[in-house]
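K.L.:
One structure, pasted below without further comment.
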Amino acid sequence: MVISNKAGADHEERLGLQLLGRLRIKHLRLIEALDRQQSLRKAAQELNISQPAATKILQDLEDVTGVRLFERRARALKINEFGRFVAIYARRILGETERFGANLHTLVSTGHGTLSIGAIMVTAAELMPAAVLALKQSRPGTTVRLVESSSDRLLVDLAKNEYDFVIGRLVSPQDTVHFDLIPLSDEPLCVFTSRDTELPPRVRSLADLHGMQWVMQDSPTPARLLIEEAFAHERLPLPPHVVQTQSVYAMLNLVSKAGLIGVLPVTMVRNEGERFQILPIQLHGKLPPYGIIVRRGVEQSPECQEMIAILIGLARHASS
């Protein structure tokens, strides 16, 4: 059966109004708990309600959505494709509701809002301190929560509404479906080691360092992927002796104190002063620009809009 565009739009509007009129937080909390527990009894215990009450809420939710969300089995419930879709939505809305409560409390008690930002490490040296200082000058009471992590992890948490925005890089082509990127800067990587590390007489390529101890990020970050591409370009496997870590601070200390070879943005290494030497190796490939990443179609708070404008201004000034 083919539904005309108008009929389809009318049906979508009716469903939207029905959800707005009948969907409740209790529905979202139950399906989120059920998705994790895969047991009505355990979900009811977690929510401190009786099992018959949980059954009634689930039946009501399926009536509201118009689809069956779980497959009933003898001793368990198995979530289906529709249920998983609703559970992902529920988790996102519940997280946003928790943030709403915390931010409202801050606003009521201090008269100012809260801004939650995730950022890759390269921004911590200069960009973020300058941006926070500028925001505090115009909004001194605003609470800024700043979390440093890798781009792949930041995007996972951004999708859960845990940040207002993040500063990082898109990791996969599918990221462009869910997020918008405002480019800020390109950041070249460099191969570096301690000033005291004993190196081969002539270091001109990755092959010259292949047998040494390396330290690399252990997740599929854009930087890690570029390193793997650079070795492949020289027809080399990854080095046989690699320490993997998520922590940039651990990487810097391993390079400084143990003489390992590392790869980080050149600005970050130069900010560490004289304890490191940047090696004359040109890596094949180039990192995509990092920038401000926001969830597509989500309205930003006044504090968030101002911070984004500050970051764009600082990036433009730095590149001019």
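K.L.:
Looking at ARG169, ARG195, ARG202, ARG153, can you tell me which residue is in contact (Cβ under 8 Å) with a residue 24 or more places away in the chain and either in contact with a His (Cβ under 9 Å, 6 or more places away or on another chain) or farther than 21 Å from ARG270 by Cβ (or both)?
P.N.:
Numbers: ARG169 fails: either in contact with a His (Cβ under 9 Å, 6 or more places away or on another chain) or farther than 21 Å from ARG270 by Cβ (or both); ARG195 fails: either in contact with a His (Cβ under 9 Å, 6 or more places away or on another chain) or farther than 21 Å from ARG270 by Cβ (or both); ARG202 fails: in contact (Cβ under 8 Å) with a residue 24 or more places away in the chain.
Selected residue: ARG153, the only one of ARG169, ARG195, ARG202, ARG153 that is in contact (Cβ under 8 Å) with a residue 24 or more places away in the chain and either in contact with a His (Cβ under 9 Å, 6 or more places away or on another chain) or farther than 21 Å from ARG270 by Cβ (or both).
K.L.:
If the requirement is being surrounded by 14 or more Cβ atoms within 10 Å (Cβ to Cβ), of a type outside the set (Gly, Ala, Ser), within 20 Å of the chain's Cα centre (by Cα) and in a loop (DSSP other than H, G, I, E, B), which of these qualifies: LEU283, LEU311, LEU287?
P.N.:
Numbers: LEU283 fails: within 20 Å of the chain's Cα centre (by Cα); LEU311 fails: in a loop (DSSP other than H, G, I, E, B).
Selected residue: LEU287, the only one of LEU283, LEU311, LEU287 that is surrounded by 14 or more Cβ atoms within 10 Å (Cβ to Cβ), of a type outside the set (Gly, Ala, Ser), within 20 Å of the chain's Cα centre (by Cα) and in a loop (DSSP other than H, G, I, E, B).
K.L.:
Only one residue in ASP186, ASP157 is in contact with a Phe, Trp or Tyr (Cβ under 7 Å, 6 or more places away or on another chain) and surrounded by fewer than 20 Cβ atoms within 10 Å (Cβ to Cβ), so which one is that? Walk me through it before giving the result.
P.N.:
Working: ASP186 fails: in contact with a Phe, Trp or Tyr (Cβ under 7 Å, 6 or more places away or on another chain).
So the residue among ASP186, ASP157 that is in contact with a Phe, Trp or Tyr (Cβ under 7 Å, 6 or more places away or on another chain) and surrounded by fewer than 20 Cβ atoms within 10 Å (Cβ to Cβ) is ASP157.
Residues are listed down the side, and each one gets a yes or a no for (1) at pLDDT 90 or above; (2) outside any helix (DSSP H, G or I); (3) under 20 Å from GLU187 (Cβ atoms):
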position	(1), (2), (3)
ALA102	no, no, no
GLY118	yes, yes, yes
ALA134	yes, no, no
VAL147	yes, yes, yes
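K.L.:
Please work out which residue is farthest from SER150 (Cα to Cα), limiting yourself to the stretch 209-233 and to residues that are assigned to a helix (DSSP H, G or I) and in contact with a helix residue (DSSP H, G or I) (Cβ under 8 Å, 6 or more places away or on another chain). Working first, answer last.
P.N.:
Initial filter on the stretch 209-233 (assigned to a helix (DSSP H, G or I)): 209, 222-233.
After this cut, where a residue has to be in contact with a helix residue (DSSP H, G or I) (Cβ under 8 Å, 6 or more places away or on another chain) as well, the list is 222, 230-231.
Working: PRO222: 9, ALA230: 20, PHE231: 21 Å.
Selected residue: PHE231.
K.L.:
Return yes or no: is PRO183 over 27 Å from ASN253 (Cβ atoms), in a strand (DSSP E or B) and modelled with pLDDT under 95?
P.N.:
Working: over 27 Å from ASN253 (Cβ atoms): yes; in a strand (DSSP E or B): yes; modelled with pLDDT under 95: yes.
Answer is yes for this residue.
K.L.:
Restricting the search to the stretch 240-268, which residues are touching a strand residue (DSSP E or B) at 6+ places or on another chain (Cβ under 7 Å), over 15 Å from ALA223 (Cα atoms) and either of a type in the set (A, V, I, L, M, F, W, C) or assigned to a strand (DSSP E or B) (or both)?
P.N.:
Answer for the stretch 240-268, where residues must be touching a strand residue (DSSP E or B) at 6+ places or on another chain (Cβ under 7 Å), over 15 Å from ALA223 (Cα atoms) and either of a type in the set (A, V, I, L, M, F, W, C) or assigned to a strand (DSSP E or B) (or both): VAL242, VAL243, LEU254, VAL255, LEU260.
K.L.:
Could you pull out the residue among LEU236, LEU225 that is of a type in the set (A, V, I, L, M), without any contact (Cβ under 8 Å) to a residue 24 or more places away in the chain and outside the structural domain of ILE308 (by TED's automatic domain parsing)? Outline the logic, then answer.
P.N.:
Numbers: LEU236 fails: without any contact (Cβ under 8 Å) to a residue 24 or more places away in the chain.
Within the list LEU236, LEU225, the selection yields LEU225.
K.L.:
LEU170 - would you say it is under 16 Å from the mean Cα position of the chain (by Cα), assigned to a strand (DSSP E or B) and surrounded by 13 or more Cβ atoms within 10 Å (Cβ to Cβ)? Steps first, answer last, please.
P.N.:
Values: under 16 Å from the mean Cα position of the chain (by Cα): yes; assigned to a strand (DSSP E or B): no; surrounded by 13 or more Cβ atoms within 10 Å (Cβ to Cβ): yes.
In short, no.
K.L.:
Let me ask another. Identify the single condition in (1) in contact with a Lys or Arg (Cβ under 8 Å, 6 or more places away or on another chain); (2) charged (D, E, K, R); (3) modelled with pLDDT under 85 that LYS78 does not satisfy, given that it satisfies every other one.
P.N.:
Exception for LYS78: condition (1).
The values are calculated or read from the model by the stated rules, or taken from the named source; none is laboratory data. Predicted, not measured: the structure shown is a model, and the values here were computed from it. Cβ coordinates were reconstructed from backbone atoms using ideal geometry, including for glycine residues, and neighbour counts include every protein chain displayed.
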